[in-house]
Amino acid sequence: MKKDLWYKNAIIYSLDVETFMDSDGDGVGDFQGLNNRLDYLSGLGITCLWLLPFYPSPNRDNGYDVMDYYNIDPRLGTLGDFVEFMHEAGERGIRVLIDLVVNHTSDRHPWFLAAKSDRNSKYRNYYVWSENPPKTDPEQLIFPDVEDSIWEYDAQAEAYYLHHFYKEQPDLNIANPAVREEICKIMGFWLELGVSGFRIDAAPFLIKGLGIEGADPKQMQAFLTEMEEFVSSRQSNAVLLAEANVAPDRIPIYFNNGDRMHVLFNFLLNQHLFLALARQEAAALHDGLKILPDIPPVCQWLNFVRHHDELTLDCISSSERDEIFAAFAPEEKMQIFGRGIRRRLPPMLGGNRRRIELVYSLLFSLPGTPMLRYGEEIGMGDDLSLEGRNSVRTVMQWSDAPNGGFSTAAIDALARPAIATEEYGYQKVNVAAAQRDSNSLINWIDRAIRIRKQCPELGRGNWQILETDSPSVFAHCCDWEGRTVMAIHNLADKPCTVRLKSHKYTHLFDLFGDRLYESLDPESPSIPLEAYGYRWFRVKGL
């Protein structure tokens, strides 16, 4: 079992090197550019970076179609640049998690090229083949508006290969011991270069075994244990963070007894959070927390508002999804795959600063570890004119210089465009302007992170929902080592005075809030809250 649970109170920041900072003017972000911004990230209070794929790739799927697991996309730099970046991050106390994309490779990966050209190649069994594949169930399609089957015929191979994602991404055969050994080698390589762990892409598909002849579900799931054993044997405090958007009864597969994945993205709570925001009622948040299974002490949830994909809403009912669409994505162009929203938070909330703060106050106080995505700290918007998920993958906005200060290249040379629309364009929304404004979102985020770090109870403690007399107010507390932190949030657009139904919590001392409230009377159970108001308290005298 792990002893160093650093991830319990980490502040994680997700970024794509390609769109963060360009150092050489070619229009593509790179590791040298990221290096130059480490002081910015350190100053913000970030303690861990999650880097999206930076491997050589044809970029059919934002780098998730990997051609070489042991190298750096030459547009982004060299292995030497990566090592220098790791050194500089370590000097600032910033850990690094990287994407491990091993459910599939690119169809241009040397393994696949060898597999399809020679039936006797050892790489043939690295993939899943069929000469007469079963018909695809529409429910199996990840990209239903692009693909109509999870099997693709290859004329050279004279067989169909399995691909759960785009047809350019053939699935690896995880039942093959040689593939499992190769995956461990990949992890070992990057651990030697200093990373603190891996974000496991598409974890459910990694262990599904669909189409693999004779695949035993138990044995497939056991690979997660093998991964953890290998990682821990090489670096005892390394972490496995799984992308597993699954039903509550499937979650124990990934945590097991604390000997598989250490952290899971909290997709269930994320979807219930937006349902609660749409309704301006706390009940959906209660439900989102209550359906989560108990997890082993060494394990953790990763909470987020948005990430690099769509805001997926596939774990709630269709009517609940429609409520969220109506509130935050009423136009068809704002939706994607029939199940998600392709917008960033500020446009979804109509730029309402009070409501934006409320959401991030929830992010930092809900039980688990918080994750920010690049640009969230300045309130970046989206570009719905871009195709698919690219609407939320525009370049970081550093200043009001051309291209938002991301690059000196011509606009048509940029890896992704900069937002130039009036409300969320880089001329108005950028780091330089925000840092000069004492009332800016980035300075609020900076303060929220600082307070969050002073409240380890929120990351390590046992949580409890607190009943109130107001349906719009969500209240909870976290207890750890004899200390308690409480957070109260008003999801409604009207002020209220709320009372806790438990008389246990009376001596409350303000830590953080949407404004300076008068200190509470220990003898009075009433707590005032503004519209979209929030207050964090430390509880004394329990």
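The values are calculated or read from the model by the stated rules, or taken from the named source; none is laboratory data. Please read all numbers here as calculations on a predicted model, not as lab measurements. Neighbour counts run over all protein chains shown; Cβ positions are idealised from the backbone, glycine included. Note: areas computed on protein heavy atoms with side chains; ligands, DNA, RNA excluded. Shrake-Rupley method; radii C 1.70, N 1.55, O 1.52, S 1.80 Å.
Odds and ends about this structure:
- Cut-off under 5 Å, modelled amide H: who pairs with Gln335 long-range: Arg342
- q = 0.08, 0.10 Å⁻¹, the chain: log10 I(q)/I(0) [Debye, one scatterer per Cα]: -0.52, -0.83
- Against the main long axis of the alpha-carbon atoms of the chain, helix 177-192 sits at an angle near 50°.
- Carbon and sulfur %, accessible surface of region 408-541 computed with the full protein complex present, 1.4 Å: 48 percent
- In sequence order, region 109-121 has phi-based couplings of 5, x, 4, 6, 4, 5, 5, 7, 8, 8, 4, 8, 5 Hz under the Karplus curve 6.51 cos²θ - 1.76 cosθ + 1.60, θ = phi - 60°, and Gly or Pro positions carry x.
- Fully extended contour minus Cα-Cα distance, from Arg92 to Arg119, at 0.36 nm per residue: 4.7 nm
- Convex hull volume per residue for region 249-324, taking Cα atoms only, in Å³: 95 Å³
- Backbone N atoms of region 33-57 closer than 20 Å to the 7 Å Cα→Cβ label point of Val83 belong to residues 33-36, 54-56.
- Cα-based shape type of region 363-407, given that a ≥ b ≥ c are square roots of the gyration tensor eigenvalues and the cut on a/c is 1.5: oblate
- Crossing angle, helix 441-453 versus the chain [Cα axis fit, 0-90 degrees, rounded to tens]: 90 degrees
- Per residue, the accessible area of the chain comes to 39 Å² when a 1.4 Å probe rolls over the protein heavy atoms.
- Solvent accessible area, Å² - Lys453, 1.4 Å probe, full protein context: 100 Å²
- Dimensionless Rg/Rh of region 431-542 - Kirkwood Rh, Rg from C-alpha atoms: 0.99
- For region 162-246, the average shadow cast by the Cα convex hull is 5.9 nm², which is a quarter of the hull's surface.
- In the chain, the calculated helix contribution to ellipticity at 222 nm averages -8000 deg cm²/dmol per residue, counting -39,500 (n - 2.57) for every DSSP H run with n ≥ 4.
- Helix 318-328 axis, angle to the chain major axis (alpha carbon atoms, nearest 10°): 70 degrees
- Efficiency of FRET between Asn257 and Asp412 - r from beta-carbon atoms, R0 60 angstrom, step 0.05: 0.65
- The Cα trace of region 104-143 gives Rg and Dmax of 12.4, 34 Å, the first to one decimal, the second as a whole number.
- Compactness of region 217-292 - radius of gyration and Dmax, Cα, Å: 15.3, 47
- Sorted from longest to shortest, the spans of the Cα atoms of region 1-82 along the three principal axes equal 39, 30, 23 Å.
- When the surface is traced with a 1.4 Å probe over the full set of protein chains, Cys496 keeps roughly 30 Å² accessible.
- Computed from backbone phi, the HN-Hα couplings of region 223-234 come to 4, 4, 5, 4, 4, 5, 4, 5, 4, 5, 6, 8 Hz, rounded to whole numbers (Karplus: 6.51 cos²θ - 1.76 cosθ + 1.60, θ = phi - 60°; Gly and Pro given as x).
- Surface composition of region 296-341: carbon and sulfur atoms hold 48% of the protein heavy-atom accessible area at a 1.4 Å probe.
- Rg to Rh, two decimals, where region 36-151 supplies the alpha carbon set and Rh follows Kirkwood: 1.10
- Set of lysines with alpha-carbon distance to Lys453 below 17 Å, sequence-local pairs under 8 removed: Lys8
- Paired Rg and Dmax values of region 327-454, which use every Cα atom, in angstrom: 15.2, 45
- Separation between Cα centres of region 512-542 and region 24-63, rounded to whole Å: 40 Å
- On region 24-100, 45 percent of the accessible area sits on carbon and sulfur atoms, based on a 1.4 Å probe.
- Less than 5 angstrom separates the built amide H of Asp382 from those of Arg344, all sequence-distant by 5 or more or on a different chain.
- Seen through its C-alpha gyration tensor, with square-root eigenvalues sorted a ≥ b ≥ c, region 311-387 comes out oblate because a/c lies at 1.5 or above while a/b is not bigger than b/c.
- Size of region 201-343 as Cα extents on the principal axes (Å, biggest first): 48, 36, 24
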